[in-house]
Amino acid sequence: MQDLKKATSRKASFGATIKAVLWAFLGIRKKSGYEQDAAKLNPVHVIIAGIIGVLIFIAILVIIVKVVVAK
């Protein structure tokens, strides 16, 4: 339980979390960058940013499909 409290009190901003999640979506990341993120990022922020990223990705795919099918 103490580890969970320590993990959720990490000091990285939500913007830094979104940046790390976007790099994860691309699948390219240096190991040193990953280790820094793992030490700083709040796990709750990572989950929220991941869900937002997935929703944006799905919306983009839907828009692309609608544009292609409309032609």
_Return the pair list, or none, for Cβ contacts closer than 6 Å from residues in the range 36-59 that are without any contact (Cβ under 8 Å) to a residue 60 or more places away in the chain to residues that are among the polar types (S, T, N, Q) and in a helix (DSSP H, G or I), at least 6 apart or on different chains._
LEU41/THR17; ASN42/THR8; VAL44/THR8; HIS45/THR17; VAL46/THR17; ALA49/THR17
*Scan the range 15-32 for residues that are touching a residue at least 12 places away in the same chain (Cβ under 8 Å) and over 13 Å from GLY53 (Cα atoms) and jot them down.*
ALA16
*Output the helices (runs of 4 or more DSSP H) that fall wholly within the chain and possess 2 or more residues being at pLDDT 80 or above, surrounded by 10 or more Cβ atoms within 10 Å (Cβ to Cβ) and within 9 Å of the chain's Cα centre (by Cα), or say none.*
14-26, 43-70
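The values are calculated or read from the model by the stated rules, or taken from the named source; none is laboratory data. Remember, predicted model here, so these are calculated numbers, not experimental data. Glycine also receives a Cβ, built like all others from the backbone with ideal geometry; neighbour counts cover every protein chain displayed.
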